[in-house]
1. Only counting other Cβ atoms within 10 Å, I'd like Glu294, Glu210 sorted with the fewest neighbours first.
2. Could you pull out the pairs from Lys195/Lys342; Lys38/Lys110; Lys97/Lys170; Lys38/Lys518 whose alpha carbons sit more than 23 Å apart here?
3. Compute the helix-to-body angle for 584-600: its Cα long axis versus the longest principal axis of the chain, expressed 0 to 90° and rounded to tens.
4. Quick one: helix 668-685 against the long Cα principal axis of the chain, what's the angle to the nearest 10°, folded into 0 to 90?
5. Mind jotting down a quarter of the surface of the convex hull over the alpha carbons of segment 9-221, in square nanometres, one decimal?
6. Straight-line reach only, C-alpha to C-alpha below 16 angstrom: list the lysines that Lys283 could link to, leaving out same-chain residues fewer than 8 apart.
7. Quickly rank 249-255, 627-633 as a protection proxy: mean count of other C-beta atoms within 10 Å, highest first.
8. Ranked by Cβ crowding within 10 angstrom, fewest neighbours first, how are Ile483, Ile478 ordered?
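Values in this text are rule-based calculations from the coordinates and carry no lab data. Every value quoted in this text rests on a predicted model; they were computed, and no experiment measured them. So basically every Cβ, Gly included, is an ideal-geometry build from the backbone, and we count neighbours across all protein chains shown.
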Amino acid sequence: MKKALVISLSLLFFIAFAEVKPTDHYEVNTADSLIYLKPKAEHPIEMQYISSLLNQFHYRKAPLNDSLSSVVFDNYIEALDPGKMYFMQADMEYFEKYRYTIDDDFKSGKLDFAFQIFHVRRERAIDRMDYVTRILKTEMDFSTEEMYKFDREESQWMADREAWDELWRKYIKNQAISYKLKGKDWEEISSALDKRYKQWSKAIYQNKSEDVFQTFMNAFTSTFDPHTDYFSPKAAEDFNINMSLSLEGIGARLSQNLDYTEIAEIVVGGPAYRSKDLNKQDKIIGVGQGDEGEIVDVVGWRVDDVVQLIRGKKGSIVRLLIQRADAGPNDAPDIVRLVRDKINLDDQASTGEIIPITENGNTYKLGVISIPSFYRNFDEARTGSRDYRSTTRDVRILIDSLQKEGMDGLMIDLRFNGGGSLQEAVELTGLFIPDGPVVQVKNYDQTVDKLRDNDGNIFYDGPVAVLINRFSASASEIFSGAIQDYGRGIVLGETTFGKGTVQNLISLNRVINDPKNKLGQLKLTLAKFYRVTGSSTQHEGVTPDIQFPSIYSAEEYGESSRPSALPWDKISTSNFNKTDQISPEMVEKLVSLYQQDLNTDPQLKKLVADIEKSKIERAKTTISLNLQERMKELEEDEEENGGNLSTEINSSEVANEETEDSRLLDDPYLKEGLRLLAELAKMKVG
């Protein structure tokens, strides 16, 4: 590898357009000099073992060749510069010579490409931070008529510095207008943005070799599927902290996505889960302490520093400024207020209640059991404890209690249930069917296991409905798919996430003999789930019998939105006996009733209108940089969204719907689901 003299950033920028040449390898933790990183001694051997493990045990067999090399190349560029904001056209032309050599680098353990490209991105980022500092010294003209194209997926790389500067000028101006719309003057705006980008710049200087290696390894692992990941030792221990299980926090696992801290997972039962206000891939752009504390801008911060701000004593308040994963161009960040807490098993447990529904003068007592996850105390179960907690055991107790209250039908609410214990999904299904297979598991070696309910008993044989949404995944899809396939109940809501794969975590220290160094971990996909019909839950998820309005499309959220997701396919059908609980005629009648409700129910009508408006907003790729135009758009949005749903629906409308529980005003999906369940109960009695 060639060496270059240490030169100024401006000169380095100029030279790099002609040819990218790395400087000396060294790594020093300083806050005022841009360090050059080098691979650690253990990285090449880790790289080779990761490749070998994936080749042997991953469900998808992907040979390490030029074709895979090309995909890794694209993934790495996308990871470093997803918005085409940093690399230039000349950079990309130079990088292109590496496109088909990465497979050879994996075989030899070379990491020159990964570190070289990372350094170029860093140098470009430092240049942009300097540019931002300069343009913030002069107040911007918000009266000009110009547009900013924020969706750059189809855009070209910048051809020269003039075009690069213009792109960033509009990028910063768009951020400045957001402050302007909140009533801030230029001094406040420039100060806030200057502070943000200085912190951003500081984070760039703090990059470490593990950051480079982890980013590059994940560019490789993600070619196999989106759930296969490499975690550096620090990421495994510190960065991906499940704060609510070990600390007093919000109950979310955070991850680093370049300059942003992102919600990677919502922990069932925690403050974030209970709020229903945070979702995967939402970005945390600010953190405030208490109800009055200043919200600190955390764009550009390292995730462990953001974690430190979010942690706090149980019962204390933290406010998060959230940029939604599905935000449209005019969508302002949301403030989410959370009370810090610890999570225990009771917080994750299933709950049940009776909600009465009155339709046409008849009142039905409908049970609702909400299952936030498929949990099981494996330690107690292994030691033979008779009273270990599990989803199935808790649901049995709840059903028994609800039946004593005169339950006419049962709703199983699996919304936001991301999965959990496969065994619990099988056993829970067994409460509703006599016996038979529940799910098929096809392993990486092509063998197929069939998991069955063998008890021959039905614990509950009354009317059943299952409520799902786009965030229902994995074990939730196994249960709802089995209920649907057996014709045991009606499935309502949104199409599920479509995660039909099984992962396992491997510590590299267990496979590599390196006692001196702590190595990373590899999470890889070993198997796929299939329904008893032979259809995979992968990619397609579970399609409800009656589809409720949804803001999320498969292309935007879910397994189908991941380019490397394993495909849907089908294997042989299991031998199972379908029940006669749900007939096509019943489904047809319920669909007809639902269509009537869509046209008459004020909650559903408003929901559909809001969803359509949101889809139109999110389809936009450009936004005006004229302040008056943006103010006009904001005022129109406020007029359309003024007042909440409960105030817009007057008491006479509620009375006309004969709704007896005010809780349903806040949950139109649950209300409609219970209406349909009441009709199903009526059919069963009739």
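1. Glu294, Glu210
2. In this structure, Lys195/Lys342; Lys97/Lys170 lie more than 23 Å apart at Cα.
3. Around 70 degrees separate the two axes.
4. 30
5. Dividing the Cα hull surface by four gives the mean projection, 13.8 nm².
6. none
7. Listed from highest to lowest mean packing, they are 249-255, 627-633.
8. In order of increasing Cβ crowding within 10 Å: Ile483, Ile478.
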